[in-house]
């Protein structure tokens, strides 16, 4: 039965940077299904997350609120129970809601299963990551049902940085898609909302061997870096350029050869291609079930991956575009525009109000994002976007003394590290790769003051709009 309200398939990958989609400018990677989604929809080419690490970013876009406002500013924190997730809002509107993979709105450390608030999911196939750290990991239970174990499916590492991982048939990304496909095919008399949250292409770099074999390391680009560029940048970056996440004994970034770096790039691309194939499976299920014209599909990621750019791998208190610029695609045949690019600045807090708007539901006053419906329907110019995007890192994970806020306009970016007197300032017109930090450059003093004020204003205006004023006094 077709519902008058649209279904929603929200595809969120983990740690996937913007430049990993063929039709968005990377000819070295194969992403035909995501490319097709872009042809059938709207791609936002300047979408930025509100934190460069998982939990604060996810808490932000799932509520349409900024990290400091959700009070979920760090990995390892739990989102307060009075926050209202997208899934809860749609469940309240009569949707049946499901999830496969991670949610990561609470701590998952020390063998502790993620605690849930009233999130609205009635199908909750939880697997924060594929490793068997919890017996409650639904992916590990699925493997056991097939007579397999994650440990038994491992291969011998190719190097200290890359290894062939679990075969595609039994991969966590595949399992996440299988859960989605089964959910899509269920008979129901209500619209549905499904969150696909695979762990890939998050490190470790371990794609299935059959995918890894499709990418020749020597054809991969080397990371973007300039000798000596970190000398006048915050010490967090110099530490992480030696050991990823400043964790000696794990991923020794500073000892990598050019070949090592190309092999990691190949593995990362291979992980993205596996995701693309599973996107294809889910899209096929929507088509086969006759629901495509009544289903909104979103493709995005929670934050990016530095992938060796500026000498750094993974993530942390770093606000380079590689960390915060992510893909964002909306597709809804016969309702929104096709093969359209929006180049204006966009924030991930804008996703939730857009979905509510498309579904004909009210946007609660607590939501801070802005609906993008004008871009999707064509009533708003493609270059019209926010004056700036804003992102935060408040002791969010590594480096306990890292408290940073970032503001990026079309032409400039500033990062202020609070309590340290340090920061970053970039002229993106002349230095789009963010090599030259102008923070201490006297010739950029006026620009620094202007951008500092704008960044401070943005932090103030991210305050919680609740509770609403009830009277004049």
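The values are calculated or read from the model by the stated rules, or taken from the named source; none is laboratory data. Computed from a predicted structure; not experimentally measured. Note that each Cβ is placed from the backbone with ideal geometry, even for glycine, and that neighbours are counted across all protein chains shown.
Got a sec? Which of 28, 103 is in contact with a strand residue (DSSP E or B) (Cβ under 9 Å, 6 or more places away or on another chain), more than 26 Å from residue 385 (Cβ to Cβ) and not in a helix (DSSP H, G or I)?
Working: 28 fails: in contact with a strand residue (DSSP E or B) (Cβ under 9 Å, 6 or more places away or on another chain).
One residue alone meets the criteria, 103.
Would you say residue 70 is on the phi < 0 side of the Ramachandran plot, in contact with a helix residue (DSSP H, G or I) (Cβ under 9 Å, 6 or more places away or on another chain) and without any contact (Cβ under 8 Å) to a residue 24 or more places away in the chain?
On the way: on the phi < 0 side of the Ramachandran plot: yes; in contact with a helix residue (DSSP H, G or I) (Cβ under 9 Å, 6 or more places away or on another chain): yes; without any contact (Cβ under 8 Å) to a residue 24 or more places away in the chain: yes.
Judged against the criteria, residue 70 is a match.
In segment 116-128, what count of residues is obtained for those that are part of a loop (DSSP other than H, G, I, E, B), surrounded by fewer than 20 Cβ atoms within 10 Å (Cβ to Cβ) and within 21 Å of the chain's Cα centre (by Cα)?
1
Counting only residues that are out of contact with any helix residue (DSSP H, G or I) (no Cβ under 6 Å at 6 or more places or on another chain), surrounded by 20 or more Cβ atoms within 10 Å (Cβ to Cβ) and closer than 18 Å to residue 106 by Cα, how many does segment 130-144 have?
1
Name the single residue, out of those in segment 300-322 being in contact with a helix residue (DSSP H, G or I) (Cβ under 6 Å, 6 or more places away or on another chain) and not in a loop (DSSP other than H, G, I, E, B), that is farthest from residue 375 (Cα to Cα).
311
Inside segment 179-215, can you point out the residues that are over 14 Å from residue 291 (Cβ atoms), surrounded by fewer than 14 Cβ atoms within 10 Å (Cβ to Cβ) and touching a helix residue (DSSP H, G or I) at 6+ places or on another chain (Cβ under 7 Å)?
210, 214
Could you check segment 398-411 and list, in sequence order, the residues that are in contact with a helix residue (DSSP H, G or I) (Cβ under 8 Å, 6 or more places away or on another chain) and over 17 Å from residue 461 (Cβ atoms)?
Within segment 398-411, 398, 399, 402 meet the criteria.
Which is surrounded by 15 or more Cβ atoms within 10 Å (Cβ to Cβ) and either touching a residue at least 24 places away in the same chain (Cβ under 8 Å) or farther than 18 Å from residue 29 by Cα (or both), of 226, 261? Full working, then the answer.
On the way: 226 fails: surrounded by 15 or more Cβ atoms within 10 Å (Cβ to Cβ).
Checking each option against the conditions leaves just 261.
Taking the options 183, 196, name whichever one is closer than 30 Å to residue 320 by Cα, touching a strand residue (DSSP E or B) at 6+ places or on another chain (Cβ under 6 Å) and not in a loop (DSSP other than H, G, I, E, B). Let's see the steps before the verdict.
Working: 183 fails: closer than 30 Å to residue 320 by Cα.
Selected residue: 196, the only one of 183, 196 that is closer than 30 Å to residue 320 by Cα, touching a strand residue (DSSP E or B) at 6+ places or on another chain (Cβ under 6 Å) and not in a loop (DSSP other than H, G, I, E, B).
Can you find, within segment 62-78, the residue that is nearest to residue 371 (Cα to Cα) among those that are touching a strand residue (DSSP E or B) at 6+ places or on another chain (Cβ under 8 Å) and in a helix (DSSP H, G or I)? Quick ask: steps written out before the conclusion?
First, the residues of segment 62-78 that are touching a strand residue (DSSP E or B) at 6+ places or on another chain (Cβ under 8 Å): 66-68, 73-74.
From what's left, in a helix (DSSP H, G or I): 67-68.
Details: 67: 19, 68: 21 Å.
The residue in question is 67.
Please determine whether any residue of segment 377-388 is crowded, with 18+ Cβ neighbours inside 10 Å, modelled with pLDDT of 95 or more, under 18 Å from the mean Cα position of the chain (by Cα) and over 19 Å from residue 237 (Cβ atoms).
no
Could you tell me which numbered condition residue 419 fails, if it satisfies all but one of (1) under 22 Å from the mean Cα position of the chain (by Cα); (2) without any contact (Cβ under 8 Å) to a residue 40 or more places away in the chain; (3) within 28 Å of residue 247 (Cα to Cα)?
Only one criterion in (1) under 22 Å from the mean Cα position of the chain (by Cα); (2) without any contact (Cβ under 8 Å) to a residue 40 or more places away in the chain; (3) within 28 Å of residue 247 (Cα to Cα) is unmet by residue 419, namely (1).
Can you tell me which condition residue 440 does not meet? The list is (1) in contact (Cβ under 8 Å) with a residue 60 or more places away in the chain; (2) within 26 Å of residue 223 (Cβ to Cβ); (3) loosely packed, with under 13 Cβ neighbours inside 10 Å; (4) under 25 Å from the mean Cα position of the chain (by Cα), and all the others hold.
Tallying (1) in contact (Cβ under 8 Å) with a residue 60 or more places away in the chain; (2) within 26 Å of residue 223 (Cβ to Cβ); (3) loosely packed, with under 13 Cβ neighbours inside 10 Å; (4) under 25 Å from the mean Cα position of the chain (by Cα), residue 440 fails exactly one: (4).
Is there a residue being at pLDDT below 95, on the phi > 0 side of the Ramachandran plot and not in a helix (DSSP H, G or I) anywhere in segment 234-249?
yes
Hey, any hits in segment 323-346 for a residue that's under 19 Å from the mean Cα position of the chain (by Cα), part of a loop (DSSP other than H, G, I, E, B) and surrounded by 23 or more Cβ atoms within 10 Å (Cβ to Cβ)?
yes
Of the residues 39, 88, only one is over 18 Å from residue 350 (Cβ atoms), in contact (Cβ under 8 Å) with a residue 60 or more places away in the chain and surrounded by fewer than 24 Cβ atoms within 10 Å (Cβ to Cβ); which? Let's see the steps before the verdict.
Numbers: 88 fails: in contact (Cβ under 8 Å) with a residue 60 or more places away in the chain.
Result: 39 is the single residue among 39, 88 that is over 18 Å from residue 350 (Cβ atoms), in contact (Cβ under 8 Å) with a residue 60 or more places away in the chain and surrounded by fewer than 24 Cβ atoms within 10 Å (Cβ to Cβ).
Do you know which residues across segment 431-473 are closer than 18 Å to residue 68 by Cβ and not in a helix (DSSP H, G or I)?
461, 462, 463, 464, 465, 466, 467
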